[in-house]
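Here the structure is laid out as structure tokens; the discussion comes afterwards.
The values are calculated or read from the model by the stated rules, or taken from the named source; none is laboratory data. No experiment lies behind these values; they were computed from the predicted model shown. Heads up, the Cβs are rebuilt from the backbone with ideal geometry, glycines too, and the neighbour counts pull from every protein chain shown.
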């Protein structure tokens, strides 16, 4: 079973653009973050983002995989959590306007 813990539906798309599978959001797992001001660039504030502990990420459960952001997966790994159940999207598929409409497959971190 695959559960999507990102804020948007994740589509797995075939080469011809057909949606093979769609995974609606079932919650949002995140990594805490803090911004530290490091300067300014052309009058725009520049910050360094620090990512910390995961939030709303369930413990591993047999037979269940979670789609999460790369940031959340890396934060989980840094915390020492097993990540063999965490999926990130791989090989984005774009429409004719360049917008991401899905991915070709999943990856492990």
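I need the full set of residues from the range 15-30 which are at negative phi, loosely packed, with under 12 Cβ neighbours inside 10 Å and part of a loop (DSSP other than H, G, I, E, B), in order please.
Here is the first cut: in the range 15-30, the ones at negative phi are 15-16, 18-26, 28-30.
Filter once more, keeping what is loosely packed, with under 12 Cβ neighbours inside 10 Å: 15-16, 18, 20-21, 24.
Within the range 15-30, 15, 16, 18, 24 meet the criteria.
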Discussion item. With surrounded by fewer than 12 Cβ atoms within 10 Å (Cβ to Cβ) and modelled with pLDDT under 95 as the only criterion, which of 98, 39, 43, 52 stands out?
Written reply: 98
Worksheet, complete the sentence: For the range 1-14, the count of residues that are closer than 17 Å to residue 65 by Cβ and not in a loop (DSSP other than H, G, I, E, B) equals 6
Discussion item. Could you check the range 33-65 and list, in sequence order, the residues that are assigned to a loop (DSSP other than H, G, I, E, B) and farther than 21 Å from residue 83 by Cβ?
Written reply: 42, 43
Fill in: Positions within the range 16-32 being without any contact (Cβ under 8 Å) to a residue 60 or more places away in the chain and either more than 24 Å from residue 81 (Cα to Cα) or out of contact with any strand residue (DSSP E or B) (no Cβ under 6 Å at 6 or more places or on another chain) (or both), in sequence order
16, 18, 20, 21, 22, 24, 27, 28, 29
Practice prompt. Residue by residue through the range 66-82, note down the ones that are in a loop (DSSP other than H, G, I, E, B) and surrounded by fewer than 18 Cβ atoms within 10 Å (Cβ to Cβ).
Written response: 80, 81, 82
Worksheet item: What do you reckon, is residue 95 closer than 17 Å to residue 109 by Cβ and out of contact with any helix residue (DSSP H, G or I) (no Cβ under 8 Å at 6 or more places or on another chain)?
Response: no
